[in-house]
Protein chains: 2
Amino acid sequence: MPQAAAVATIASNDRYPLGDFLSDIAGIAASTEFVDRKRRSRDYFWYSPILQEKLKDKLADIVVTPRDEVEVVRVAAACAKHRIPLTVRGGATGNYGQCVPLESGVVLDMALLNRIEWQKPGLVRVQAGAKLYDIDAATRPNGFELRMHPSTKRSAAIGGFVAGGSGGVGSVTFGGMREPGNIVAARIVTLEREPRIIELRGDAAQKISRAYGTTGIITVLEMPLAPAQAWIDVIVAFDDFIEAVRFGHTVAMADGIVKKLLSPVEWPVPRHFTAFRSYCPDGKSLLTCMIGEMSIDSFEALLAPSGGMITYKAPSEDLPSKVPLYEHTWNHTTLQMLKSDRGVTYLQCLYPHERFVEAVDRVGKLFGDEVLQHLEFMRLNGYMTASGIPIIRYRSRERLDEIIGGFEACGVMIANPHVVTLEDGSRYKRVDADQLGFKHEVDPMGLLNPGKMRSFVPQAGSAEV
Amino acid sequence: MPQAAAVATIASNDRYPLGDFLSDIAGIAASTEFVDRKRRSRDYFWYSPILQEKLKDKLADIVVTPRDEVEVVRVAAACAKHRIPLTVRGGATGNYGQCVPLESGVVLDMALLNRIEWQKPGLVRVQAGAKLYDIDAATRPNGFELRMHPSTKRSAAIGGFVAGGSGGVGSVTFGGMREPGNIVAARIVTLEREPRIIELRGDAAQKISRAYGTTGIITVLEMPLAPAQAWIDVIVAFDDFIEAVRFGHTVAMADGIVKKLLSPVEWPVPRHFTAFRSYCPDGKSLLTCMIGEMSIDSFEALLAPSGGMITYKAPSEDLPSKVPLYEHTWNHTTLQMLKSDRGVTYLQCLYPHERFVEAVDRVGKLFGDEVLQHLEFMRLNGYMTASGIPIIRYRSRERLDEIIGGFEACGVMIANPHVVTLEDGSRYKRVDADQLGFKHEVDPMGLLNPGKMRSFVPQAGSAEV
């Protein structure tokens, strides 16, 4: 996008001094074209009818696409100077409007910062815009792979996953992103007149985890890897959902069985699994798995007394041209259903690790067909449990709140995905104090993704920064 | 050992028809020399003064050393024909007299069945007499290692570990040998006039796990492997044992930190760690660890607020010529102390996974210096817990029983290591029904390691088998 054109189209905007901003970042790719701004102000928030209403008209004023960290620093400095909000955009595969610019201003598209800086055994250092798929493709020849990835692996960027996600395929073994050890280091640029570059290592790196880019612009991440395994995709069909859950739990608790994915899903959701429909028998609930090749015999031995029937078993192929099995798990499950039925939405649950199967069973009996459960086994704080992303037949906001109350009464925690702030979406309804304090250091004027960290109030005097 | 000499020395034995037996196994290496029989009728039972008294005079009549499975079958047939007990011997590194021939007869030394049959990614198929050290040395160049090994890795055989052990270094990640998936297959020879060769796969392979060789002669094992990692040996010193336990538990529960060993050990035990003495500050309790190289920064970040101080950190070297750090964990800890103090013995404990730190603390306050705790974090049934092998200042059998009672009152389960039968040593005080039933199939006359499976009574009519 040539700068001249951009400057020409922004004359009418009177909220921010965009012309001055553009002059200051001369030479950096920027667009003020409506179609660019519209397309790059969105993510997958439309899974939520509530967020759809709230976010559909949000629009960046300018989309800037830096080529390197030097350009990121220049953009940050210019935003600070002109007090223009900056919202960072990765692969934009999130579901909570993480990268939607609530206050307009600049969307910083990180797509070109996609270089792999180095690999060591068990570690990779990458720029934040690198795609998860590309990272895995680069590390696999060296015998390693990312410990976890969202179901959106084929389009998500690592920076967005760390800043906006919480876990995914692989969390059944390694837990979520916030478990100690799952982020080794992060390099960030602060939003100040003279931006600083800060390297956060160890526990400090958690300051940018699931902060939606409110606590610094992540430019580089150092991520731990898992040894690459030969994975086998398996679908097991069960007469009842609770049987799939029970067997899934057995495998989840069997530490001798190597696995990357264990996802029980309730019929009729599998009816919508187009790419795998022939392996989804009518009326059967499924357990969808990725099992280590060396563990597949042991997996089948455990399965024998459970009543489950294997309908699909094949080596995992992760090709750009083919829909992978993992795109039928986590929140892709909702997407598969939304493709043919726009009347549904979803919730995000965390089931208790004790009396786990009972909690799943109770919830199921409470709502019948109005709520279709599917679970993702994952470790949390050292315990095996499952998150759930139940698909809800949407009636109204009030009914959705009733359903949330029903889950909570069964001991299931809800992270509400129909809100845009970090606090409202958190299971604990607050932002980590460390993140809040850190934000004062790195974004004193509150220009990074404003509106997402509700607890943050710029300090008096920050106007003079 | 030439057969002629063997035959000459056994004329005086009137319990078993040894001469006829030797004729039947002509061509197979056998010894009746006293020094061979004495040496190969023992293991490390002498850690227990009670077992020392009970087992020190047990003596095989003949030691047979087959070269291959064909010879094993011939020996088994001859033992069945002449009703001579057969006790299998691996590396003889056990502590419960697992390979001590209580009823004399034949000791079958598996040392020459040490071939690695094949390797595949994540799997190895080996003969039962292969040394753990040699297996790891053979699989490491292919990027794999055994999931777990006892602290006796440098001398133990895989068959003995599976038949006599329960877990070890690596169980903090993979759980014990009995977790589903940790034994893929076992090939056994039955003790019958016409011995059968049976391949047990999947769950069935558990029939030979920790059965002391009473449920068939294991000739081959198919074991799952872990991806080989670059391990860092770390020693952390703490003012108090309970701080070492608490930090160890934190690391144990952190699924993002890759580890193979986490062993808190109470001062003054480390005074006896000769090879590492300079890294064991006076008065400090230790946490001894093997941490994945890619997780070492995260480990140190977690350590920072704990009060612990790293005194040693170096890549794990597993060389025949050098005492490894892991030989100061599990029951090698007891051995390090016994080298200079023969007045101690030990117990085997399983701590509850809930209120774990409290249970350790309570036990510590109960006995003071009479009981020195050291723990081994391990997974069990999907939960993180720890086994403990406390070192006991031995006074009497009665006092030992009192101490056992004290542990049990704190919710700690005891697997008594001062007994020779499977049942008495089990935490559940019984043999798995599956193993007992299976023994009737594979050893109807009860000739395999007689005296170890107390619940077994040969069926009427088995005399005619």
message = For the rotation taking chain B to chain A, which residue of B has the Cβ nearest the axis, and how many Å away is it?
response = B:Pro227, 2
query = What is the mean number of Cβ atoms from other protein chains located within 10 Å of the Cβ atom of each residue in peptide B:66-78, rounded to a whole number?
reply = 0
query = Which percent of the Cα-Cα distances in chain B go past 31 Å?
reply = 42 percent
note = Phi angles of segment A:432-447, converted by Karplus (6.51 cos²θ - 1.76 cosθ + 1.60, θ = phi - 60°) into ³J(HN,Hα) in whole Hz with x for Gly and Pro, give 3, 4, 4, 5, 5, x, 5, 4, 4, 6, 9, 9, x, 8, x, 8
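Which FRET efficiency, nearest 0.05, do A:Lys81 and A:Lys56 yield, Cβ-Cβ r, R0 22 Å?
On the way: r = 31 Å, r/R0 = 1.41.
Here the calculated transfer efficiency is 0.10.
Counting only other chains, what is the mean number of Cβ atoms within 10 angstrom of the Cβ of each residue in peptide B:177-185? Provide the component values of the computation, followed by the final result.
Details: counts 1, 1, 6, 12, 17, 6, 2, 7, 2.
Per residue, the average neighbour count from other chains is 6.
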key: B:Arg15/B:Asp424 FRET efficiency (R0 22 Å; Cβ-Cβ; nearest 0.05)   = 0.30
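Can you check what the Kirkwood hydrodynamic radius comes to for segment B:158-251, Cα pairs only, in Å to one decimal? Numbers along the way, then the final one.
On the way: mean 1/r = 0.0643 Å⁻¹.
Final number for the Kirkwood radius of segment B:158-251 is 15.6 Å.
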Helical contribution to [θ] at 222 nm, DSSP H n ≥ 4, -39,500 (n - 2.57), averaged over chain A, rounded to 500 = -7500 deg cm²/dmol
ask   = Give or take rounding to whole Å, what are the principal axis extents of the alpha carbon atoms in segment A:248-373, in descending order?
value = 42, 41, 24
message = Can you return the aspartates and glutamates within cross-link range of B:Lys322? Criterion is Cα-Cα under 18 Å, with same-chain partners fewer than 8 residues away left out.
response = B:Asp134, B:Asp136, B:Asp233
query = Per the Cauchy relation, a quarter of the hull surface: what is the mean projected area of the convex hull of the alpha carbons in segment B:271-332, in nm²?
reply = 5.0 nm²
ask   = If you plug each phi of segment A:241-251 into the Karplus form 6.51 cos²θ - 1.76 cosθ + 1.60 with θ = phi - 60°, what whole-Hz ³J(HN,Hα) values come out, in order, with x for Gly and Pro?
value = 4, 5, 5, 5, 5, 5, 5, x, 5, 4, 5
Pseudo-label separations to other copies for A:Leu366 - Cα-to-Cβ vector, 7 Å, nm = 4.1
note = Label points for A:Met413 built 7 Å along Cα→Cβ; distances to same position in the other copies, nm, shortest first, come to 2.9
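Taking 4 °C and 1.567 mPa s as the conditions, I'd like the Stokes-Einstein D for segment B:148-213 in µm²/s, using the Kirkwood hydrodynamic radius from alpha carbon pairs.
On the way: Rh = 12.5 Å.
It comes out at roughly 103 µm²/s.
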Diffusion coefficient, µm² s⁻¹, Stokes-Einstein with Kirkwood Rh over alpha-carbon pairs of segment A:74-197 at 25 °C and 0.890 mPa s = 159 µm²/s
ask   = Which of the aspartates and glutamates could a cross-linker span from A:Lys339 if the Cα-Cα distance has to be under 15 Å and same-chain partners fewer than 8 positions apart are dropped?
value = A:Glu327
ask   = What residues qualify as long-range amide H neighbours of A:Ile310, i.e. H under 5 Å apart, gap of 5 or more or another chain, H built at 1.01 Å from N?
value = A:Ala237
ask   = Taking 1 over the mean of 1/r across every pair of different Cα atoms in segment B:349-423, what Kirkwood radius in Å do you get?
value = 12.8 Å
inquiry  = Can you tell me the convex hull volume per residue for the protein assembly as shown, based on C-alpha atoms, in Å³ to the nearest whole number?
reply    = 174 Å³
ask   = What is the spin-label model distance, in nm, from A:Glu358 to B:Glu33 if the labels are put 7 Å beyond Cα along the C-beta direction?
value = 6.5 nm
key: Label spacing, shortest first and in nm, from A:Val70 to its equivalents in the remaining copies (7 angstrom along Cα→Cβ)   = 7.5
key: Size of segment B:184-342 as Cα extents on the principal axes (Å, biggest first)   = 63, 41, 30
note = The aspartates and glutamates whose Cα lies under 17 Å from the Cα of A:Lys56, excluding any fewer than 8 residues away in the same chain, are A:Asp36, A:Asp43, A:Glu103
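Looking at the P(r) of segment B:309-465, how many percent of alpha-carbon pairs lie beyond 21 Å?
Pairs farther apart than 21 Å: 59 percent.
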inquiry  = List the residues, sorted by chain then number, that are 5 or more residues from B:Val431 or on another chain and whose placed amide H is less than 5 Å from its amide H.
reply    = none
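Any read-out appearing in this document is the output of simple, stated calculations on the displayed coordinates, not a laboratory observation. Quantities reported herein were computed from a predicted structural model and do not represent experimental measurements. Here Cβ is always computed from backbone atoms with ideal geometry, including for glycine, and neighbour counts include all displayed protein chains.
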